[in-house]
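Some notes on the structure that comes next.
The values are calculated or read from the model by the stated rules, or taken from the named source; none is laboratory data. Just so it is clear, the model here is predicted, and its values are computed rather than measured. Cβ atoms come from the backbone with ideal geometry, glycine included; neighbour counts cover every protein chain shown. Just so you know, the surface numbers come from the protein's heavy atoms only, side chains and all, with ligands and any DNA or RNA stripped out. Shrake-Rupley method; radii C 1.70, N 1.55, O 1.52, S 1.80 Å.
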Amino acid sequence: MRYHNILWDWNGTLIDDAVTSLDCVNDMLTEMSKPLITLEQYYTYVETPIIGFYKHILTEDELDFPTISKSFHESYNKRLSTTNLADNALNVLKTLKNNGAKQYIITATKEESARNLTIKYGVNEYFDGIFGADNTLAESKVERALKFFNDNNINPSDTVFIGDTLHDLETANALGVDCILVTFGHQGKTIVENSGTVTADSLDEILSIILDERAVDFHTHSTFSDGTFTPTDLINHAVEVGLSAIALTDHDTVNGINEAIEASKDKNIEFIPGIEFSVADGTEIHIIGLFIDHENKTLLDVINKTRSQREARMKGVIEKLQNTGFDITYREAQELAGGDFVGRAHIAHILMDKGYVSTVKEAFDKYIGLNKPCYVEKKEITPKDAITAIRSAGGLAFLAHLHQTKFDFNQLDKLLGELKSYGLNGIEGYYTEYTDEHIKEFRTLAQKHNLFYSGGSDFHGSMKPTVKLKSGYSDLHIPYSIFTTLKRLKSKN
């Protein structure tokens, strides 16, 4: 089973009480002789802290929150007899427990009330802990969840948070864990499906996602750029390691796509045409395109624009290396590449083969990476050019490996806002080199900008021998549910 720690929200997730809560709010509005609200309005107004919700429907003079909260909970308790668990909740909780999962509730409900409700509904035996509020004000879950994580030394990569609101997604992001939002809860289908995270229409679907062991890899390279596997070998290797879907995302070229399409036929794997554009913006910015029409004229025109400029850039890198005292030529890089494409990985590999560095990574870190002495700035295409080309080709555009920009949180925030205005669909939420802190930071920014996740190993074969297809440095796992989410997004674009 993919996850072994399951964090559950209670209201709107395990208990189907969105309509109950709406009725409680309308009870209060009736008593106050104010207009009632619809379920769609309710979905839109819900936020945390919950006082924000009432600001949509009451004036400042009417915002006596202790009184409001008391009224709501009195009405809610009266309606409990007609409020039920979400469909099949008992079976889902039992199945997960039988599969060895530890399950916890993290809720805005008072802890004692939540515990009593699990007893009332006959599900208390399935939980290893319940962490609720110490009052009725529905304050933030984030601090409560963080304390639980720290106290119990929970592994983020082994954990999923299941909720129904954007605040649940915020909590998951603060923990750096995967999140699944149900569409039948307190913010409804439209809002949660636009949040960028994985969603499910039922608890049965939640169970299927959790039990699904399939994995995908949407960032790989072949011999048509700076990988060492041909597209055919890459597809065959993907089948060998058990991938269910793979994208080929060679640098600035789609020349390997047709071969990969042919190689994937009659094999138990789904293939996604892709590309990785290196763009000029004063730092390391790479844009991944997925689901592209690789024969699209606009896309091909942009690719052709990059070709001569890339050659000039690589020659500039080698010239700087030569001036620094390294014995290296552009012809050597061409011979290693075995084709028209020469990249920095080829240059780094030559430096390693000649003993100047011990690894390809060391070559980047010391000499040819961003801001290093032999780095040459990109002058090929802009981020807007790349995103426009990908979207024109019917694809989805993602900012790759965000940490390589070397930007801090605020700089990334600004960058993502700019790229979103050009049509960016998402970020790499999963990547070989991400730390726990990277994941928290990047996913928090993704939520702020309503961006979806892609992800991949950045597999290059022997160019990056420590990076394995599917698993990265060993523990990378990109769940098939990410692919399902992106296919849904693609169908809407």
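Using a 10 angstrom Cβ neighbour count of at most 13 plus a DSSP loop assignment to flag exposed GluC sites (Glu not before Pro), which longest range of the chain is free of such sites? Walk me through the intermediate numbers first.
Numbers: sites that count: Glu213, Glu295, Glu377.
Excluding the exposed sites themselves, the longest stretch runs over 1-212.
Using R₀ = 51 Å, calculate the FRET efficiency as 1/(1 + (r/R₀)^6) where r is the Cβ-Cβ separation of Asn304 and Asp212; round to 0.05.
0.80
Leaving out ligands, DNA and RNA, and with a 1.4 Å probe, what % of the accessible surface on segment 416-493 is carbon or sulfur?
Within segment 416-493, the accessible surface is 51 percent carbon and sulfur.
Could you please state, rounded to a whole Å, how far the C-alpha centre of segment 17-86 is from the C-alpha centre of segment 236-271?
If you average the Cα positions of each part, the centres end up 51 Å apart.
Quick check for me: using +1 on Lys/Arg Cβ and -1 on Asp/Glu Cβ, what's the dipole size of segment 309-363 about its Cα centre, in debye to the nearest 20?
Working: 8 positive and 8 negative charges, 43 e Å.
It comes to approximately 200 debye.
Would any residue of segment 276-297 have its amide N under 19 Å from a label point 7 Å out along Cα→Cβ of Glu377? List them or say none.
So the set is 278-287.
Would you work out if segment 374-493 is rounded, prolate or oblate? Take a ≥ b ≥ c from the square roots of the eigenvalues of the alpha-carbon gyration tensor; rounded if a/c is under 1.5, else prolate when a/b is larger than b/c, oblate otherwise.
It is rounded, given that a/c, with a ≥ b ≥ c, falls under 1.5.
Suppose each label sits 7 Å from its Cα in the direction of the beta carbon; what would the Ser474-Gln404 distance come out to in nanometres?
That separation, rounded to one decimal, is 2.4 nm.
Mind listing which chymotrypsin sites (Phe, Trp or Tyr not before Pro) in segment 1-94 are in a DSSP loop and have 15 or fewer other Cβ atoms within 10 Å?
Sites meeting the loop and neighbour criteria: none at all.
What's the angle, to the nearest 10 degrees (0 to 90), between helix 89-98's Cα axis and the longest principal axis of the chain?
50 degrees
Could you please state how large a percent of the accessible area of segment 82-152 is carbon and sulfur, counting protein chains only and using a 1.4 Å probe?
Heavy-atom surface of segment 82-152 belonging to carbon and sulfur, 1.4 Å probe: 42 percent.
Considering only DSSP beta bridges with both partners in segment 177-305, what is the antiparallel share in %, to the nearest 5?
35 percent
Out of these labelled values of Rg and Dmax of the Cα atoms in Å, (i) 25.5, 85; (ii) 22.2, 67; (iii) 24.1, 80, which was calculated from the coordinates shown here?
Evaluating Rg and Dmax of the Cα atoms in Å on these atoms matches (i).
With the other protein chains left in place, how much accessible area per residue, in square angstrom, belongs to the chain at a 1.4 angstrom probe?
42 Å²
Out of all DSSP beta bridges in the chain, what portion is antiparallel? Express it as a percent rounded to 5.
DSSP beta bridges in the chain are roughly 25 percent antiparallel.
Give the calculated FRET efficiency between Asp158 and Arg331 to the nearest 0.05, with a Förster radius of 35 Å applied to their Cβ-Cβ distance.
Here the calculated transfer efficiency is 0.10.
Could you please report the charge total around Leu469, scoring K, R as +1 and D, E as -1 over all other residues with beta-carbon less than 13 angstrom from its beta-carbon?
Charge balance near Leu469 sits at -1.
What residues of segment 96-111 lie in the reach of a label at Asn77, counting those whose backbone N is under 16 Å from a point 7 Å from the Cα along Cα→Cβ?
109-111
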